[in-house]
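What follows is a short report on a single structure.
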């Protein structure tokens, strides 16, 4: 697949809920936060499944495409996240992958994920 500079690719991605602590001026306060990823849940003694609390979005923006001579094509991109509540975050650091690796990334999360509240594959 050919990637164009400025193209934006939104990929569904699992998120988990985590408890965080912060100082709120009066003491330590705890809250819930979304984090991209999964937790592994053991279903049987030697079997585990990836579990998520929600589905959000990984937002990939192509910054530059380079094909240096006989070498593979390289995609320079930035990544942001949109959590299941719709809040966007991310540092926007420049990243690079070969076009083949980027195609795998754009294809979506590679593993079947069980949502914690539904207990069914997603």
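All of the numbers you see were taken from the coordinates with simple rules; none came from a lab. Computed from a predicted structure; not experimentally measured.
For the reader, a short list of remarks on this structure follows.
- Secondary-structure-derived ellipticity at 222 nm for the chain, considering helices only, amounts to -2000 deg cm²/dmol, per-run term -39500 (n - 2.57) for DSSP H runs with n ≥ 4.
- Over all pairs of different C-alpha atoms in the chain, the reciprocal of the mean inverse distance, the Kirkwood hydrodynamic radius, equals 16.6 Å.
- Among 24, 53, 85: highest mean-square fluctuation, GNM of the chain, C-alpha pairs under 10 Å: 24
- GNM flexibility winner over the chain from 60, 32, 105 (Cα, springs under 10 Å): 32
- Taking all Cα pairs closer than 8 Å and separated by 6 or more residues, the relative contact order of the chain comes to 26 percent.
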